[in-house]
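To start, the structure itself, in structure tokens.
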Amino acid sequence: MKKRFIYLALGLVLAQGFTACETVDFGDINENPNGPNDPYPAGLLSGAIQSFATMTGRQGVLNPTLYVQYQSQVTYTDEMLYAETPASWATYYNRVLPNLNAVIDIARDEAQHTPELLAQGDPNLQLGEALIFRAIVLKRLTDTWGDAPFTDAFKGLDNLTPAYDTQEQIYTQLIADLQEGRDLLAEGGDVAPIGDILYDGNLDNWQKLANSVLMQAALQLSEVDATSSIDAVAVFNEALNHPAGAIEKIEEEAWFRYESLTAYQNPFNRNRRADYFLADEFVDALQGDPMTAEGSLNPTSNKTFDARIKVYGTSATAEGVPYGYNDESGTGRNKMSTIIWAAEAPLPVMTAAYTYLNRAEAAARGWTDEVAADMLAEGIQMSFATWDEKAGAKVDFRPEEISTYVAARLLDATTVGMLQVIGEEKWKALYPQGFDAWAEWRRTGYPALNPAEDALNDGAIARRYNYPVEEATLNNTNLQGGISGLAPATDKNTSRVWWDVE
């Protein structure tokens, strides 16, 4: 199938094409007689969620799992070796954000609130869910590239060369979206949005999701909190103490669900599994091989068997593939489990484990009055509990395995430091959420990952995606403004975004 990637500034070409026909009335030639004539926010919302959930390929799902050394490549190794290549953001700007913006605009425009539209859900509820999900998308976008178009990005032919918002501005926007969306949902409504394919209309869980993402976003600013216009500590505590609560139970978690149909499949499954193996660094960390053991590649302080390898990998005992070499063989080595890499396998958006681990970090940083050790223990236990439910009969976690592991990690925290153990446990609990794990690693430096031995860039782990090539040709002036927000101000994958302080 021929793919059409329509970028922000491609409208320049379209504008030129329309110049000679500006006064011509084409009547209804462009109307689709088989399409809806009225606004359809239910379809726009579900379409945005589905498009975001199924983004696939190396740039869409796999590369971050390589950068954080969840996986290794054995056939085509350029991504594992940090090759400097532009990355497309077309899906964000063509299929996800426009849908969500349309839902938001329709919900805010009372003139469009026809009986047909109201039947799709209360406009305030449509608005609330769209704002929350847009914030999740914006966080992924800016964490991946840095500064990016937003305020000027969706004006069509009125602005074909949109300016870039700074990452600080985007974070300000997404935090405001999360808070407004959550509070709109708290007001309730008569008809839940029927396009909600994430929570099936459970407004309480949407509010909890918003608070969990707010805590995640606030912590992402921990290294720039002192100089930022955003009070990250206040944002975190407002979400933590909000009456709606945050995600604490398995039934409150947000998961993308998939089907066997190609367009709705788990995005891992649509890639060639034979090319990817679990990195030996990740496997050794799960198996508990001490750093000091001969041949160990364990980048963490853990020395205790972590039974989550029964879910994460194809074997609890097989080795992984050492990361970062272009001549490694995967024969007989560990791979990502089909519990995760399968057409209909669900993938996490936000879990109770991650929320508790964020609360542990906030407590360890002195942001809250909670006890870091208690939150760390809850986070680890909830990670096991979640995967125990999701894997079902395919996995057998023994209670003693879990209790022994939790006790060992709490002891580790007293020797190497609480923040280090929390960072290492986030790395484990976030698997296979490569983008979130990559953002955490860049911010915290945990675990202590070494760059690929045969790296193709400057010999450093990639810290961002390079801007799309079309931006240099069609929106170069504003692109240069975006690049100026990097450190150093060069469009390379080793440059750091605003919150990624060295």
ask   = Sequence-distant or interchain residues sharing an amide H contact under 5 Å with Met336, placed H: which?
value = Leu278
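For the range 349-444, calculate the relative contact order in percent as a whole number, restricting contacts to Cα pairs under 8 Å that are 6 or more residues apart.
Working: 88 pairs, mean separation 26.7, N = 96.
Averaging sequence separation for qualifying contacts and normalising by length gives 28 percent for the range 349-444.
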task = Go ahead and run the numbers for FRET between Leu410 and Glu251, Cβ-Cβ distance against an R0 of 45 Å, rounding to 0.05.
result = 0.95
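Taking only protein heavy atoms into account and a 1.4 Å probe, give the accessible area per residue of the chain in Å². Write out the running numbers ahead of the final one.
Numbers: 20520 Å² over 502 residues.
Spelled out: the 1.4 Å probe surface of the chain, per residue, equals 41 Å².
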ask   = For the chain, what relative contact order do you get, as a whole percent, if you take Cα pairs closer than 8 Å and at least 6 residues apart?
value = 20
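Counting only protein heavy atoms and a 1.4 Å probe, tell me what percentage of the chain's accessible area is made up of carbon and sulfur. The partial results should precede the final answer.
Working: 10120 of 20520 Å².
The C+S portion of the solvent-accessible surface of the chain is 49 percent.
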Dipole magnitude of the chain, debye to nearest 20 (Cβ charges: Lys/Arg +1, Asp/Glu -1, about Cα centre) = 1140
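Rounded, prolate or oblate for the range 336-405? Axes are the square roots of the Cα gyration tensor eigenvalues, ordered a ≥ b ≥ c, and the cut-off for rounded is a/c under 1.5. Show your work: numbers first, answer last.
Values: a/c = 3.75, a/b = 1.74, b/c = 2.15.
Note, shape of the range 336-405 comes out oblate.
For every helix of n ≥ 4 consecutive DSSP H residues, a contribution of -39,500 (n - 2.57) applies; sum these over the chain, divide by its total residues, and give [θ] at 222 nm rounded to the nearest 500 deg cm²/dmol. List each step's numbers first, then the result.
Numbers: 18 runs with 213 residues, N = 502.
Counting only the DSSP helices, I get -13000 deg cm²/dmol.
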ask   = Considering amide H positions built from the backbone, and no H for Pro or chain starts, which residues 5 or more places from Thr85, or on another chain, come under 5 Å of its amide H?
value = Asn466
key: Alpha carbon centroid spacing (whole Å) that separates the range 123-177 from the range 426-440   = 23
ask   = Is the shape of the range 299-351 rounded, prolate or oblate, going by the alpha carbon gyration tensor and its root eigenvalues a ≥ b ≥ c, with a/c under 1.5 for rounded and a/b larger than b/c for prolate?
value = oblate
inquiry  = Amide H of Arg496 versus every other amide H placed in the peptide plane: which residues, excluding those fewer than 5 positions away on the same chain, fall under 5 Å?
reply    = Ala487
remark   = Checked against the positive end of the charge dipole of the chain (+1 on Cβ of Lys and Arg, -1 on Cβ of Asp and Glu, about the Cα centre), the farthest of Tyr312, Trp499, Trp89 is Tyr312
key: Geometric extent, Cα atoms of the chain - Rg, Dmax (angstrom)   = 22.9, 77
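Could you give the size of the charge dipole of the range 318-414 about its Cα centre, using +1 on the Cβ of each K and R and -1 on the Cβ of each D and E, expressed in debye and rounded to the nearest 20?
Working: 8 positive and 15 negative charges, 36 e Å.
Dipole magnitude for the range 318-414 comes out near 180 debye.
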task = Return P(r) of the range 378-460 (all Cα-Cα pairs; 5 Å bins starting at 0; whole %; ordered from short to long distances).
result = 3, 13, 18, 20, 18, 13, 7, 5, 2, 0
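Highest first, please rank the peptides 124-136, 228-240 by the mean number of other Cβ atoms sitting within 10 Å of their residues. Write down the numbers at each step before the final one.
Values: 124-136: 26.2, 228-240: 18.2.
Answer by packing, highest mean first, reads 124-136, 228-240.
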Cβ charges +1 (Lys, Arg) and -1 (Asp, Glu), total dipole of the range 414-488, debye = 240
key: Evaluated over the range 147-267, the Cα radius of gyration and Dmax, each in Å   = 17.1, 48
query = In the chain, what percentage of the DSSP-assigned beta bridges are antiparallel, given to the nearest 5?
reply = 85
task = Go through Gly245, Trp341, Phe282 and say which Cα lies farthest out towards the positive end of the charge dipole of the range 236-357; charges sit on Cβ, +1 for Lys and Arg, -1 for Asp and Glu.
result = Trp341
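By the gyration tensor of its Cα atoms, with a ≥ b ≥ c the square roots of the eigenvalues, what is the shape of the range 113-169: rounded for a/c under 1.5, prolate for a/b over b/c, or oblate? Intermediate results must be reported in sequence, preceding the final value.
Values: a/c = 3.99, a/b = 1.70, b/c = 2.35.
Oblate, because a/c is 1.5 or more while a/b does not exceed b/c.
The values are calculated or read from the model by the stated rules, or taken from the named source; none is laboratory data. These figures come from a predicted structure and were not determined experimentally. We place every Cβ from the backbone using ideal geometry, glycine too, and count neighbours over all the protein chains shown. When the accessible area is computed, the model is the full protein with side chains, heavy atoms only, and any ligands, DNA or RNA have been set aside. Shrake-Rupley method; radii C 1.70, N 1.55, O 1.52, S 1.80 Å.
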